[in-house]
Amino acid sequence: MLQIIDRRNDSRNKSAVNRNRFIRRFKGQIRNAVRDAIARRKVADIDDGEKVSIPAKDISEPQFRHGKGGRWSVVQPGNERFVTGDEFDRPPEGKGGASGASQDGEGIDDFAFTLSREEFLDIFFDDLALPRLVKTQLTRISEYKRVRAGFTSTGVPTNINVVRSLRGATGRRLAAGAPYHKLLRALKEELAELELCGASDSERAAEVRGEIARLLRRLEGLPFIDTFDLRYNSRIRTPAPSTQAVMFCLMDVSGSMDEEKKQIAKRFFMLLYLFLTRTYQQIEIVFIRHHTQAQEVDEDDFFHARETGGTVVSSALELMHRIVRERYASNVWNIYCAQASDGDNWDADSPKCRELLESKIVPLVQYFAYIEIAEGEPQNLWREYAKVMADHPQCFAMQQIGGLTDIYPVFRELFRKSLA
Amino acid sequence: MNDDTAALPTGSEWTFESIERYDREIGRVAAEYGLDCYRHQLEVITAEQMMDAYASIGMPVYYHHWSFGKHFLSTEKSYKRGQMGLAYEIVINSDPCIVYLMEENTLPMQALVIAHAGYGHNSFFKGNYLFRTWTSADAIVDYMVFARNVIAEYEERYGEEEVEHLLDACHALMSVGVDRYKRPPKLSLSKERERRKERGIYLQSQVNDLWRTLPQRYDKKEAEAERRFPEEPEENLLYFIEKNAPLLEPWQREIVRIVRKIGQYFYPQRQTQLMNEGWACFWHYTMLYHLYEQRMLGDGFMLEFLQSHTNVVFQPPFNSRQFSGVNPYALGFAMWRDIQRMCQEPTAEDREWFPDLAGSDWRASMDFAMRNFKDESFIAQYLSPKLMREFRLFNILDDASLPKLRIEAIHDEQGYRMIRQRLADQYNLGSREPDIQVWNVDLRGERSLTLRHFKYQERPLGDSRDTVLKHVATLWGFPVRLEEQDENGEVSLVTEVKIDRRRENHEV
């Protein structure tokens, strides 16, 4: 007897364990690949999976095999031109051709595969040394909001929907009373006939009247409203980030910001972006770069173009203020700002920056995060910013950064707030 | 026409009912042809489950290891990119024989798979001498479950990384961890389980005896003659390590044993790929045509069937971009068809080359060939001149000591025998894979293990040998040496790994 077994609903992801082991085992290589990927990615793409590739030789499973050399006598199909005794040069290396040398292809191609979003973020976070609680919060899909979703028959009294409940009650009364009404109509007709015939005092008439009275009592006895009729407004949780936000990325692109510093800055922006995606439905990103003048640019220019010259930080802050006034003035926009610089600023400009921040920018923004990617003694800009932080500890954070692990503390306040 | 021969369901959507009807009809035809099969069991799975099955080499159960994760990831990648369709079928050599049907396949494809795997491969598993001798179809699935549980237990007790490290080493030796000639005992789950504990203790005592450091009393004579160990070279490295490695714990020996047993199970499959696939293709082709001639299959069915059939048995020429060696499906299928032809309509040439075969009963002759050969001997015995001409086979000699490549033989009267012999050799695992044996153990001195590579056709070992040798050293725990012996009997040292696990352990 034939057996057909339907296994389609059996547990899926049988390979998940093996997959995890693979990733754990080659974490070092995968982390390097993720680093490269981050360098290529746009800030707003941080929240996706990623195709990464790692060198295949690192993950090969070695076996004893033959190498090149010795005598190989190989039979091939499809002869169209050779006769016995023909001689010809070996085909160039790398092409399989008609040579037997490719028998032992110890491939050196890269091994490419796709990391899921979770796996990718996990490695991204690892580099940044995020606390566990924050990781979970960031990996979670989104905030929930309760929205109306019709009516249910259970709930709390505050949610009773009166119209629905009464409509239900009316219907129930109509339906439950229908047989009585039918009988009642028949009895009333009979009574009217009896009265017409002048037999209104007859025994039958009294009987009918009694019956009518009994039915009327029955009808009255039907409850006006029953627990059964109650309807409640139903609300369900749907993933719904609250509203929209705009994120300003400010970066110094003067000559002293080299590629490595920009990569650190990029992660800093990515982390803020990731945080915002958890809280807001729609996020716009504005990139402002500056040296002595500020300029709004697209992401590619932002991270890759290089300028030289001095540094006037206030120009960027002014531009940001102008953009906010022009495009993000209304209350619906939550404004976040992340600034990265190597700390250089024109001496006379730093007090001006503080003034700008205090009077115009800080009142507008939810959070202002500043990182200074530099070693050594902080300079005048840092000192001025420190004053701002002292005045607004809730929405201003700054940090001097040597490596990736220093980024997170900038956001500590921000995350603590949202976790609470 | 009665109900039994009513046309089978058409269209591309399958249902359980239509699969059952196809299976019944194909089973009927298979019985008419006298195919002897295990019972079979059809299992419907999704594409994702198919990828899972792929990653674990078709086994429904396998222990966990990162390498399976790697296979899964690469399969998934090429599947998602559409570079590759999934194989239509996976069939497991077990009793009952398990055949996977993928849910995405059309009804004609399911019928093809049933004929190909459920009857073709199935009868091959049951009949071929290699499978009969080397695998225990009734015990394999149970054994895999046992292996997974044991390894999971060890992971819990000794740590995942420890076990993983050991598995890496064993996997590296899987291809040199098989008995090629000695018949292995049948797998039996209950015995395995029963013996597992006592074996550990017993084995350890044997090993301890071998490595006894206290002076033994023995005859002076014997002491003078250097005692060789092993007395005969041992071809099965994993077996030798399991039985003799001085520093392995009993549980580690158990893992070596498990990997060895599983490797042994797959060994016949590697030796009969061409025959087995050709056999299955021959039967799905023959049986479905038979049904078509009985007017049970529609033209639409046949067109779809033939399209996938011809894709599978297509042989691109050597200079085509699709070329990647001789296609075992194509050559295998052609050879079985050719045998049938020679039995039914032999030519004068066939009578000269295959006097016993020409004109004989084709079913009996094919059955004999299926039961008693493997790829190598099958080609050596049955490849006919006609096929060599059809495939336009030719032979290239690539001798590293000569400046140019040379054509040694082509499909002509002078070349037939040479081509046949060379092609057979190409399918001989013994020459395809390097021949490496345990040569000697230095019992009195540093306890080093010497492996010897017997060079075939002067072919050296590939670069991976150093990594593999490190794995051997991990298992052995003492220095490991690799020598090679060329065809003139000259021996030279290739490479050496110095290691002393005892010392390492002390440092830790």
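Bear in mind that the values in this text are calculations on the coordinates, not laboratory data. Only a predicted model underlies this, so the values are computations on that prediction, with no experimental measurement involved. Using ideal geometry, Cβ is built from the backbone for each residue, glycine included, and neighbour counts are taken over all protein chains shown.
Other chains near B:386-396: what is the mean number of their Cβ atoms within 10 Å of each residue's Cβ? Intermediate results must be reported in sequence, preceding the final value.
Working: counts 0, 0, 3, 1, 1, 5, 6, 5, 13, 7, 11.
Neighbouring Cβ atoms belonging to other protein chains average 5 per residue here.
For chain B, take the longest principal axis of its alpha carbons; what is the angle in degrees between that and the long axis of helix B:465-476, to the nearest 10 within 0 to 90?
60
Working out 0.36 nm times the residue gap between B:N440 and B:F229, then minus their Cα-Cα distance, what length gain in nm do you get to one decimal? Intermediate results must be reported in sequence, preceding the final value.
Details: separation 211, 0.36 × 211 = 75.96 nm, distance 0.57 nm.
Once the chain is fully extended between B:N440 and B:F229, it gains 75.4 nm.
Taking Cα pairs under 8 Å and at least six residues apart, what relative contact order does chain B come out at, in percent? Please list the in-between numbers first.
Numbers: 696 pairs, mean separation 72.3, N = 508.
It rounds to 14 percent for chain B.
Using Cα-Cα distances under 8 Å and only pairs 6 or more residues apart, what relative contact order does chain A have, in percent? Write down the numbers at each step before the final one.
Working: 543 pairs, mean separation 58.2, N = 420.
It comes to 14 percent, rounded to a whole number.
Whole Å is fine, so just give me how far the alpha carbon centre of the range B:353-379 lies from that of the range A:150-217.
If we compute the Cα centre of each part, the gap is 94 Å.
Rule-of-thumb check for chain B: C-alpha Rg over 2.2 N^0.38 Å? Before the final figure, lay out each step's value.
Details: Rg = 26.1 Å, N = 508, 2.2 N^0.38 = 23.5 Å.
So chain B has a normalised radius of gyration of 1.11.
Sort B:351-359, B:265-273 by packing, meaning the average of other beta carbons within 10 Å per residue, with the highest value first.
Working: B:351-359: 15.3, B:265-273: 20.2.
Result, highest mean Cβ count within 10 Å first: B:265-273, B:351-359.
Rounded to the nearest 0.05, what FRET efficiency do B:D367 and B:V494 have when you use their Cβ-Cβ distance and R0 = 41 Å?
On the way: r = 46 Å, r/R0 = 1.12.
For R0 = 41 Å, the calculated efficiency reads 0.35.
How far is the Cα center of the range B:391-410 from the Cα center of the range A:252-270, in Å?
Each part's Cα centre sits 59 Å from the other's.
Can you tell me which of A:A390, A:A149, A:A245 moves the most in a GNM of chain A? Springs connect C-alpha atoms under 10 Å apart.
A:A149
Using +1 at the C-beta of Lys and Arg and -1 at the C-beta of Asp and Glu, which of A:T405, A:V208, A:N32 has the Cα lying farthest in the positive direction of the dipole of chain A?
A:V208
Using only Cα atoms and rounding to the nearest 10 degrees, what angle (0 to 90) does helix B:250-271 make with the longest principal axis of chain B?
It is inclined by approximately 30 degrees.
Say the cut-off is 20 Å between C-alpha atoms; which of B:K126/B:K374; A:K68/B:K261; A:K266/A:K360 go over it?
A:K68/B:K261; A:K266/A:K360
Return the sequence-ordered ³J(HN,Hα) values of the range B:123-128 in whole Hz as given by the Karplus equation 6.51 cos²θ - 1.76 cosθ + 1.60 applied to θ = phi - 60°, using x for Gly and Pro.
5, 5, 4, 6, x, 5
When the helices in chain B are scored as -39500 (n - 2.57) per DSSP H run of 4 or longer and the sum is shared across all residues, what 222 nm value do you end up with, to the nearest 500 deg cm²/dmol? If you can, show how the numbers build up before the last one.
Details: 23 runs with 268 residues, N = 508.
The helix contribution divided over chain B gives -16000 deg cm²/dmol.
Please compute the length gained on full extension between A:A192 and A:E326, using 0.36 nm multiplied by the number of residues separating them and subtracting their Cα-Cα distance. Each step should come with its number before you reach the end.
Working: separation 134, 0.36 × 134 = 48.24 nm, distance 8.37 nm.
Stretched out fully, the A:A192 to A:E326 stretch lengthens by 39.9 nm.
Describe numerically, in nm with one decimal, the distance between label points set 7 Å from Cα along Cα→Cβ at A:N13 and at A:K387.
Each label point is offset 7 Å from its Cα along the Cβ direction, giving 5.5 nm.
Please give the peptides B:130-142, B:27-39 ranked by average Cβ packing (other Cβ atoms within 10 Å per residue), highest first, as a rough proxy for protection. Before the final figure, lay out the partial values.
Numbers: B:130-142: 18.6, B:27-39: 15.8.
Answer by packing, highest mean first, reads B:130-142, B:27-39.
Please compute the modelled spin-label separation between B:R132 and A:E260, points set 7 Å along Cα→Cβ, answer in nm with one decimal.
Roughly 7.1 nm, to one decimal.
Answer rounded, prolate or oblate for the protein assembly as shown, using the Cα gyration tensor with square roots of eigenvalues a ≥ b ≥ c: rounded when a/c is under 1.5, else prolate when a/b is larger than b/c, else oblate. It would help to have the intermediate numbers written out before the result.
Values: a/c = 2.12, a/b = 1.28, b/c = 1.65.
Oblate shape, in that a/c is at least 1.5 and b/c is the bigger or equal ratio.
Starting from the Cα of A:L219, step 7 Å toward the Cβ, then list every residue of the range A:177-196 with an amide N under 18 Å from that point.
Answer for this model: A:177-193.
Could you compute the FRET efficiency for A:S359 and A:I236, with r as their C-beta to C-beta distance and R0 at 45 Å, rounded to 0.05?
Working from the Cβ atoms, E equals 0.50.
Please list, in chain and number order, the residues 5+ apart from A:S73 or on another chain whose amide H is under 5 Å from its amide H, with Hs placed from the backbone.
So A:S73 has HN proximity to B:D398.
Counting only other chains, what is the mean number of Cβ atoms within 10 angstrom of the Cβ of each residue in peptide B:450-462? Write down the numbers at each step before the final one.
Numbers: counts 0, 1, 0, 1, 0, 2, 3, 6, 4, 10, 6, 6, 12.
That works out to 4 on average.
What list of whole percents do you get for P(r) of the range B:321-431, with Cα-Cα distances grouped in 5 Å bins up to the one holding the largest distance?
2, 11, 19, 24, 20, 12, 6, 3, 2, 1, 0
About the Cα centre of chain B, what is the dipole size in debye to 20, counting +1 per Lys and Arg Cβ and -1 per Asp and Glu Cβ, all else neutral? Provide the component values of the computation, followed by the final result.
Details: 63 positive and 80 negative charges, 221 e Å.
Here the size comes out at about 1060 debye.
What relative contact order, as a whole-number percentage, does the range B:433-507 give when Cα pairs under 8 Å and 6 or more residues apart are counted? List each step's numbers first, then the result.
On the way: 125 pairs, mean separation 20.7, N = 75.
It rounds to 28 percent for the range B:433-507.
Taking amide hydrogens as modeled 1.01 Å from N in the peptide plane, which residues meet the under 5 Å criterion relative to A:H66, leaving out close sequence neighbours?
Sorted by chain and number, the residues that satisfy this are B:G462.
Counting only other residues whose beta carbon sits under 11 Å from that of A:S153, what net charge do I get with K and R as +1, D and E as -1? Write out the running numbers ahead of the final one.
On the way: positive: A:R164, A:R231; negative: A:D229.
Value of the local net charge: +1.
Choose one answer from A:D347, A:D89, A:D36: the residue with the largest mean-square fluctuation in a GNM of chain A with alpha-carbon springs under 10 Å.
A:D89
Kindly write out, for the range B:27-36 in residue order, the coupling ³J(HN,Hα) from the Karplus curve 6.51 cos²θ - 1.76 cosθ + 1.60 (θ = phi - 60°), rounded to whole Hz, with x marking Gly and Pro.
With coefficients 6.51, -1.76 and 1.60, one gets x, 5, 5, 4, 5, 4, 7, x, 6, 9 Hz.
At most 11 other Cβ atoms within 10 Å plus a DSSP loop assignment makes a site exposed; report the longest stretch of chain A without any exposed GluC sites (Glu not before Pro). Before the final figure, lay out each step's value.
Values: sites that count: A:E80, A:E93, A:E375.
Longest site-free region, per DSSP loop and neighbour criteria: A:94-374.
If neighbour count is taken as other Cβ atoms inside 10 Å, put B:I92, A:I225 in order from fewest to most.
Working: B:I92 25, A:I225 14.
Lowest to highest Cβ neighbour count: A:I225, B:I92.
Determine, from the Cβ-Cβ distance of B:E17 and B:L306 and an R0 of 30 Å, the FRET efficiency 1/(1 + (r/R0)^6), rounded to the nearest 0.05.
0.75
Counting only other chains, what is the mean number of Cβ atoms within 10 angstrom of the Cβ of each residue in peptide A:370-380?
Values: counts 0, 0, 0, 0, 0, 0, 0, 0, 0, 0, 0.
Per residue, the average neighbour count from other chains is 0.
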